[in-house]
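Before any comments, here is the structure.
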Amino acid sequence: MSGRHYSIYKALISFPFTTDLMDTMINACVNHTVLIIRWKKVLQVMLCKTPGNYNIEKLRVIQLIEADLNMYLGLIWGKKLVHNTINHKLFPIEQFGNHPGTQVSSAALLKTLSFDHVRIL
């Protein structure tokens, strides 16, 4: 890992020159399929879901990647994936929120109505 913290990138957002420079660098790497060496390093961390319980089933594994690569994957690639899913109507009917015509509160209402229906029967 390079040691660059996410807060550095958040601080640089207020300077248009640096954001344009970072954008150009990331786009050049992606468009020409060049991997920066620091993008190839990943740190895997296992966290306890419940404190003190180290059973393998009770551990959560997270992957820590470089902040700029994480930003690219989250903002650019993730946004394209969601828009493509919306455009092709690939969201399942069970998916609430995150696309037009649905609300997260609908999931809670559906659950409440389902429980009420079961209780009546």
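The values are calculated or read from the model by the stated rules, or taken from the named source; none is laboratory data. Because the structure is predicted, anything quoted here is derived from the model rather than measured. With ideal geometry, Cβ positions are generated from the backbone for all residues, glycine too; neighbour counts draw on all protein chains shown. Note: areas computed on protein heavy atoms with side chains; ligands, DNA, RNA excluded. Shrake-Rupley method; radii C 1.70, N 1.55, O 1.52, S 1.80 Å.
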Checklist line | Of residues in the stretch 25-65 being surrounded by 11 or more Cβ atoms within 10 Å (Cβ to Cβ) and basic (Lys, Arg), the one nearest to ARG4 (Cα to Cα) | finding: ARG38
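Being surrounded by 12 or more Cβ atoms within 10 Å (Cβ to Cβ) and assigned to a helix (DSSP H, G or I): is that true of ASP68 here? Even if it seems obvious, please write down each step before you answer.
Values: surrounded by 12 or more Cβ atoms within 10 Å (Cβ to Cβ): yes; assigned to a helix (DSSP H, G or I): yes.
Answer is yes for this residue.
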Note to self: Given the condition at pLDDT below 80, of a type outside the set (A, V, I, L, M, F, W, C) and more than 22 Å from the chain's Cα centre (by Cα), answer yes or no: does some residue in the stretch 105-120 qualify?
What the structure shows: yes
Check: Which pairs do you get when a residue that is more than 14 Å from GLU66 (Cβ to Cβ), found in the stretch 1-30, comes within reach of a residue that is open to solvent by 100 Å² or more (accessible area, probe 1.4 Å), reach meaning Cβ atoms under 7 angstrom, with the pair 6+ apart or on two chains?
Finding: THR19/ILE13
Checklist line | Filtered residues of the stretch 71-91 (kept if modelled with pLDDT of 80 or more and part of a loop (DSSP other than H, G, I, E, B)) | finding: HIS88, LYS89, LEU90
Note to self: Could you check the stretch 82-114 and list, in sequence order, the residues that are open to solvent by less than 90 Å² (accessible area, probe 1.4 Å) and among the aliphatic types (A, V, I, L, M)?
What the structure shows: VAL82, ILE86, ALA107, ALA108
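Considering only the stretch 43-55, I want to know if a residue exists there that is assigned to a helix (DSSP H, G or I), under 13 Å from ALA67 (Cα atoms) and of a type outside the set (S, T, N, Q). Spell out the reasoning first.
Within the stretch 43-55, the subset assigned to a helix (DSSP H, G or I) is none.
For the stretch 43-55, residues assigned to a helix (DSSP H, G or I), under 13 Å from ALA67 (Cα atoms) and of a type outside the set (S, T, N, Q): absent.
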